[in-house]
Amino acid sequence: MAKEKKTLFIHQPQFKGGPKELTKFIYSNLRYPKEAFEAGIEGTVFVEYDIDYQGNVVATRVLKGLSHGCDEEACRVVQLLKFDVERNRGVHVLFHQKARVQFKKPKQLPVPQPIAQAQTQVAYTVTTTTPVKPEEKPTEVTYSYTIQL
């Protein structure tokens, strides 16, 4: 007798690559807060988050936190997550999941790299469509801007 395939009424969201990739994503995007480093804080933040029907994290709540910036950092990283959600028979379902984000004090904080300066130039031309006198050509004005970031 063959085993029947179980069909689910509601499909749960899945992170692309599974739980190992989810953990790898969280810890690759996690930045240890400077305030927690100075205070010597280590521990685990428990975060509950909501996933909408499109796979986006729409809300986060700290169930058990550490403070000193760790709670905010854990929520920031969890908000970056994107899940794959199968269609649930046309019903928009809000899913709730929990995550543990562990903070271990590094030997020293990484030095932030300076952002390379970018320069953008914008040029446009304005031409009037109705000449003042019939024998005059339309006037043309050119503006040029340089924006440094």
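Laid out as a table, the results:
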read-out	value
Listed peptides 56-62, 26-32, 102-108 by packing density, highest first (mean Cβ within 10 Å)	56-62, 26-32, 102-108
18 Å Cα-Cα threshold exceeded, pairs from Lys16/Lys82; Lys24/Lys98; Lys34/Lys105; Lys16/Lys105; Lys24/Lys104; Lys24/Lys82	Lys16/Lys105
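The numbers here are math on the coordinates, done by the rules we state, and not lab data. These figures come from a predicted structure and were not determined experimentally. Please note: Cβ atoms are built from the backbone with ideal geometry, for glycine as well, and neighbour counts cover all protein chains shown.
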